[in-house]
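I have placed the structure first, in the form of structure tokens, so that the comments after it can refer back to it.
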Amino acid sequence: MKVSKRAQNVPASATIAVTSRAKQLKAQGVDVVGFGAGEPDFDTPDYIKQAAIEALKNGKTKYTPAAGIIELRTAIADKLKKENGLEYSPEQIIVNIGGKHSVYEAMQAVLDPGDEVILPAPYWVTYPETIKLAGATAKIIQTDRANSYKITPKQLREAITEKTAMLVINSPSNPGGFTYTPQELKDIAKVLEGTQVTVISDEIYEKLIYGETKFVSFASLSKDAYNRTLTLNGFSKAFSMTGWRLGYTAGPLDVIKAMGRLQSHMTSNAATFGQYAAIAALGKPAAEAIERMRAEFERRGKYMAERLNSIPGVECPEPTGAFYCFPDVSSHYGRNINGAEIKGSMDFAKALLEQANVAVVPGLPFGCDGNIRLSFACSLDDISKGLDRLQKWLSQ
Ligand code: PMP
């Protein structure tokens with residue numbers, strides 16, 4: 001059957017491809033250590049599940065307004081005010097079908113063919129594809145390891161043209177857990193003043209920050225930043241609710257309304273009982289539930305980065321957020337390991353999986369071929385076992 005050019009031009013998600021191959025090997029009985037996962041390994045906290053069960057029992061099984069029930073949008077507005085210092089009315093908030101959908105829909109609502117989007121690399125694999133699907137062009141800016149893979153004000157200033165419609169900021173980031181300091185974000189906001197650039201601030205990892213790291217919402221930096229920013233967030237990472245498909249976008253009324261119109265024809269509302277569970281998620285026990293997971297991720301991230309840095313030819317900045325390490329392994333490129341030519345991150349990840357049964361994600365689809373991504377959303381035992389294998393494999 002005919003497949004559209006649009007669909008042909010979109011590759012499957014590379015993160016999902018590695019996880020599938022690892023699953024396939026596991027099903028064959030191979031003892032694979034998986035560092036591919038992009039989701040917390042904890043279960044959804046019980047108080048949230050209970051709220052969904054209650055909602056189902058109470059008949060919350062019908063359509064809601066496409067943008068979500070007003071009670072949830074009000075609860076999100078309260079959260080953004082209390083935790084992020086952001087004043088949004090419930091009408092300025094739309095509940096989407098996961099954060100991925102928020103990104104897709106926000107770009108559909110803002111971008112036109114011919115527009116350029118400034119995308120600092122490394123970036124989450126979904127951004128370039130959603131930019132393309134909106135008919136726009138990604139202007140990829142390579143960042144430096146020395147600057148913890150963050151775009152500098154100078155790089156940003158030089159990248160802006162009259163075609164620039166958007167800048168994507170993801171802090172803490174996937175794939176590296178890199179987090180902009182409040183001052184770094186202020187400097188970026190300053191560069192944008194007087195321009196036409198809309199900011200997508202993907203804040204899905206806001207709760208997972210470590211050490212002295214401070215999180216600040218881009219829109220809270222100034223009135224100018226507030227007016228040009230779409231704040232994206234969701235329940236997947238902070239509440240371990242990846243399968244529930246709940247994300248949200250807050251921003252200027254005209255764009256949120258446009259997203260609502262699109263959503264009313266694309267998906268309609270997020271699952272109704274899930275919306276009630278989301279209200280509960282944001283309720284009283286939230287802080288405690290989140291802290292338990294955050295503290296465990298912090299322990300694992302520190303350990304993983306230390307172990308990676310102790311391996312010759314592997315350089316890994318300690319993650320300040322999210323649950324990923326993104327080490328530079330490029331000094332091993334050009335080697336031949338057990339008959340496998342390691343020319344780049346794709347060869348590296350493939351050979352590591354096939355020869356040492358460790359699943360990592362190559363950096364290439366994140367726009368950074370020198371690196372690989374390892375998720376620490378797995379047990380300390382698995383991290384230890386997997387890194388023993390990686391170390392041994394590289395020492396051959
Ligand atoms: N943004 C970033 C940076 C992510 O890493 C992810 C998940 N991989 C998402 C958004 C979307 O998550 P979800 O669709 O599960 O809400």
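The values are calculated or read from the model by the stated rules, or taken from the named source; none is laboratory data. Because the structure is predicted, anything quoted here is derived from the model rather than measured. Glycine also receives a Cβ, built like all others from the backbone with ideal geometry; neighbour counts cover every protein chain displayed. In case anyone asks, the SASA skips ligands and DNA or RNA and just uses the protein heavy atoms, side chains included. Shrake-Rupley method; radii C 1.70, N 1.55, O 1.52, S 1.80 Å.
Counting only residues that are of a type in the set (Ser, Thr, Tyr) and open to solvent by 50 Å² or more (accessible area, probe 1.4 Å), the range 62-73 holds 1 of them. Consider Ser148 carefully, then state whether it is under 17 Å from Asn371 (Cβ atoms) and open to solvent by 20 Å² or more (accessible area, probe 1.4 Å). Taking the combined requirement at face value, the residue satisfies it.
Selection within the range 278-313: residues that are open to solvent by 10 Å² or more (accessible area, probe 1.4 Å) and of a type in the set (Val, Ile, Thr). The member of this set that is modelled with the highest pLDDT is Ile279.
Scanning the range 173-204 for residues that are among the small types (Gly, Ala, Ser) and either free of Cβ contacts under 8 Å to residues at least 24 places away in the same chain or closer than 21 Å to Asp112 by Cα (or both) yields Gly194, Ser201.
At least 3 residues being open to solvent by less than 80 Å² (accessible area, probe 1.4 Å), of a type in the set (A, V, I, L, M) and in contact (Cβ under 8 Å) with a residue 24 or more places away in the chain is the threshold, and among the helices (runs of 4 or more DSSP H) wholly inside the range 1-61 those reaching it are 14-27, 46-57.
Close Cβ contacts (under 7 Å, 6 or more residues apart or on different chains) running from residues in the range 321-343 that are within 16 Å of the ligand (Cβ to nearest atom) to residues that are among the β-branched types (Val, Ile, Thr) comprise Gly321/Thr179; Gly321/Ile209; Gly321/Thr213. Looking only at the range 314-332, residues that are assigned to a loop (DSSP other than H, G, I, E, B) and open to solvent by less than 50 Å² (accessible area, probe 1.4 Å) come to 10 in all. Within the range 344-373, being assigned to a loop (DSSP other than H, G, I, E, B), open to solvent by 10 Å² or more (accessible area, probe 1.4 Å) and either free of Cβ contacts under 8 Å to residues at least 40 places away in the same chain or touching a His at 6+ places or on another chain (Cβ under 9 Å) (or both) holds for one residue alone: Asp369.
For the range 275-320, the set of residues classified as farther than 14 Å from Phe239 by Cα, aliphatic (A, V, I, L, M) and free of Cβ contacts under 8 Å to residues at least 40 places away in the same chain consists of Ala305 only. Looking only at the range 308-322, residues that are touching a Cys at 6+ places or on another chain (Cβ under 9 Å) and of a type outside the set (D, E, K, R) come to 5 in all.
Taking the stated definitions as given, is Ser201 open to solvent by less than 10 Å² (accessible area, probe 1.4 Å), of a type in the set (Gly, Ala, Ser), touching an Asp or Glu at 6+ places or on another chain (Cβ under 8 Å) and farther than 19 Å from Arg292 by Cβ? No, not satisfied.
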